[in-house]
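**Q** Okay, here's the structure, questions in a sec.
The values are calculated or read from the model by the stated rules, or taken from the named source; none is laboratory data. Fair warning: this is a prediction, and the values are worked out from it, not measured in the lab. Cβ: placed from backbone, ideal geometry, glycine included. Neighbour counts: every protein chain shown.
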Amino acid sequence: MPRTRVFVLAVTVLALALAATSLAAAADSASRPEMITAEAEQAIENGLAYLARTQARNGSWRSRTNYGVYPVAMTGLAGLALMAGGNTPSEGPYADNVRRAVHFVLSQAHRNGLIAAMEEESRSMYGHGFGMLFLAQAYGAEQDAELARDIYRVLARGVMLTARSQSADGGWLYTPDANSDEGSVTVTQIQALRACRNAGIKVPKSTIERAATYIEKCANPDGGISYSLRNRGQSRGPITAAAVAVLYNAGQYENPVALRALENVKRNLEGGDAQVFSGHRCYGMLYAGQAMYLSSEENWRWFFSKYRDDLVNQQNKDGSWTGDSVGEVYGTACTLLVLQLPYRYLPILQR
């Protein structure tokens, strides 16, 4: 064969190969939500794999810090992170992990309605809130009728426990009988209640309204939210971000307190999250991401383009993220929930 023909043939083959590569890359990019890069997608896959292989045989996850192990809270968060990746108790590559997580959380439900591992969760209302939130998301995707009934019964009792435990001012503290309140527990209960209502569980309207009023009373002149009504002081960045997210979850998009708190969060984020969230970066980013996503497309694009790559680059080699002082399960779950917001799989996190 003449050299010219050989050269032309080689060039043609190379061009076809490049074209095929370009088409494959374009198809791969088209399969991802907007603003999810290939690097972010890989980080998400590595993070989900980390959670899957660190799940205990009984379906739980635990933290490994001086705070305690908090198995229901950690399992609720990890289960939510897996579901945010499109996994349900019956579908997806991590369906078995989600299903085992559901069974574990159900096994920790008590007759009085509390969902917590009593001997391991001294601040049991965290486990209760995150456990309810997870079960409410799983309930809508559960195909096993008997298991769905079990989830419904546990959630119905859990809602009543939360309603009974509400303080006179409208918030919640660490245990059901505390009759006191602070911001982080309160936002956990509000979001769980809203998820239950969305799933068809009867939730007293007055409970959510009183809780929203509690958040409003904690507002400071700068638009931020203080730690608690009884322990006022400077605005707390993480609590402010969480307050915005849960008020939006409650449908209060035009609430003046929510709007001022949103502006407070945006102002602080412009200077960098390390300062505003201090030692609670994962917690703050978890709710700041939700606040930006739920508030508007413009806010979300600004936030995600600013922080996406930082979050990806902070991933550990084993696929985990270090979570404040609460451990890798917590850090991985919180970060995955932020990175996977564009997938829109969790009902509670949809616009």
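**Q** For the stretch 287-304, give me each residue that is closer than 22 Å to residue 81 by Cα and of a type in the set (A, V, I, L, M, F, W, C).
**A** 288, 291, 292, 294, 300, 303, 304
**Q** Those residues that are charged (D, E, K, R) and assigned to a helix (DSSP H, G or I), I need them from the stretch 34-58; list them, please.
**A** Step one: list which residues in the stretch 34-58 are charged (D, E, K, R), which gives 34, 39, 41, 45, 53, 57.
Hits for the stretch 34-58 are 39, 41, 45, 53.
**Q** Is the stretch 128-136 home to any residue that is among the hydrophobic types (A, V, I, L, M, F, W, C), farther than 16 Å from residue 347 by Cα and surrounded by 20 or more Cβ atoms within 10 Å (Cβ to Cβ)? Can you show your working first?
**A** Taking the stretch 128-136 first, the residues among the hydrophobic types (A, V, I, L, M, F, W, C) are 130, 132-136.
After this cut, where a residue has to be farther than 16 Å from residue 347 by Cα as well, the list is none.
Among the residues of the stretch 128-136, not one is among the hydrophobic types (A, V, I, L, M, F, W, C), farther than 16 Å from residue 347 by Cα and surrounded by 20 or more Cβ atoms within 10 Å (Cβ to Cβ), which makes the answer no.
Residue-wise test of (1) surrounded by fewer than 19 Cβ atoms within 10 Å (Cβ to Cβ); (2) at pLDDT 95 or above; (3) within 19 Å of residue 318 (Cβ to Cβ).
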{"residue": "34", "(1), (2), (3)": "yes, no, no"}
{"residue": "45", "(1), (2), (3)": "yes, yes, yes"}
{"residue": "48", "(1), (2), (3)": "no, yes, yes"}
{"residue": "61", "(1), (2), (3)": "no, yes, yes"}
{"residue": "64", "(1), (2), (3)": "yes, no, yes"}
{"residue": "75", "(1), (2), (3)": "no, yes, no"}
{"residue": "81", "(1), (2), (3)": "no, yes, yes"}
{"residue": "84", "(1), (2), (3)": "no, yes, no"}
{"residue": "87", "(1), (2), (3)": "no, yes, no"}
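**Q** Considering only residues that are of a type in the set (S, T, N, Q) and touching a strand residue (DSSP E or B) at 6+ places or on another chain (Cβ under 6 Å), look in the stretch 175-197 and name the one that is nearest to residue 236 (Cα to Cα).
**A** Initially, the stretch 175-197 is screened for residues of a type in the set (S, T, N, Q), giving 175, 179-180, 184, 186, 188-189, 191.
Those still in the list that are touching a strand residue (DSSP E or B) at 6+ places or on another chain (Cβ under 6 Å) too: 186, 189.
Working: 186: 14, 189: 18 Å.
Residue satisfying both the conditions and the ranking: 186.
**Q** Keeping to the stretch 158-171, report how many residues are buried (at least 17 other Cβ atoms within 10 Å of the Cβ) and in a loop (DSSP other than H, G, I, E, B).
**A** So the answer is 5.
**Q** Within the stretch 41-90, which residues are over 13 Å from residue 104 (Cβ atoms), free of Cβ contacts under 8 Å to residues at least 40 places away in the same chain and out of contact with any helix residue (DSSP H, G or I) (no Cβ under 8 Å at 6 or more places or on another chain)?
**A** Within the stretch 41-90, 41, 42, 45, 53 qualify.
**Q** Now for a different question. For the stretch 141-153, state whether one or more residues are touching a helix residue (DSSP H, G or I) at 6+ places or on another chain (Cβ under 8 Å), modelled with pLDDT of 95 or more and assigned to a loop (DSSP other than H, G, I, E, B).
**A** no
**Q** For the condition out of contact with any Gly (no Cβ under 6 Å at 6 or more places or on another chain), loosely packed, with under 14 Cβ neighbours inside 10 Å and closer than 20 Å to residue 220 by Cβ, what is the one hit in 278, 305?
**A** Selected residue: 278, the only one of 278, 305 that is out of contact with any Gly (no Cβ under 6 Å at 6 or more places or on another chain), loosely packed, with under 14 Cβ neighbours inside 10 Å and closer than 20 Å to residue 220 by Cβ.
**Q** Condition check: surrounded by fewer than 24 Cβ atoms within 10 Å (Cβ to Cβ), in contact with a Gly (Cβ under 9 Å, 6 or more places away or on another chain) and on the phi < 0 side of the Ramachandran plot. Does residue 57 satisfy that? Step through it out loud before you land on a result.
**A** On the way: surrounded by fewer than 24 Cβ atoms within 10 Å (Cβ to Cβ): yes; in contact with a Gly (Cβ under 9 Å, 6 or more places away or on another chain): no; on the phi < 0 side of the Ramachandran plot: yes.
Answer is no for this residue.
**Q** If I go through the stretch 59-88 residue by residue, how many of them are part of a loop (DSSP other than H, G, I, E, B), over 14 Å from the mean Cα position of the chain (by Cα) and within 17 Å of residue 130 (Cβ to Cβ)? It would help to see each step written out before you state the result.
**A** Within the stretch 59-88, the first condition is being part of a loop (DSSP other than H, G, I, E, B), and the residues that meet it are 59-64, 66-67, 69-70, 84-88.
Now restrict to residues that are over 14 Å from the mean Cα position of the chain (by Cα): 59-64, 66-67, 69-70, 87-88.
Add one more test, that the residue is within 17 Å of residue 130 (Cβ to Cβ), and what stays is 59-63, 67, 69-70.
So the answer is 8.
**Q** Scan the stretch 94-113 for residues that are more than 16 Å from residue 151 (Cβ to Cβ) and either in a helix (DSSP H, G or I) or at pLDDT below 95 (or both) and jot them down.
**A** Passing the criteria: 96, 97.
**Q** Next question. With (1) in a helix (DSSP H, G or I); (2) under 11 Å from residue 71 (Cβ atoms) as the list, and residue 121 as the residue in question, which single condition is left unmet?
**A** (1)
**Q** Just checking: which of the helices (runs of 4 or more DSSP H) contained wholly in the stretch 172-277 hold 1 or more residues that are touching a His at 6+ places or on another chain (Cβ under 6 Å)?
**A** Numbers: elements: 183-198, 205-217, 237-249, 256-270, 273-277.
Fully inside the stretch 172-277 and qualifying: 237-249.
**Q** Which of the following residues is at pLDDT below 95 and buried (at least 20 other Cβ atoms within 10 Å of the Cβ): 257, 246, 203? Write out each step before concluding.
**A** Numbers: 257 fails: at pLDDT below 95; 203 fails: at pLDDT below 95.
Among 257, 246, 203, only 246 is at pLDDT below 95 and buried (at least 20 other Cβ atoms within 10 Å of the Cβ).
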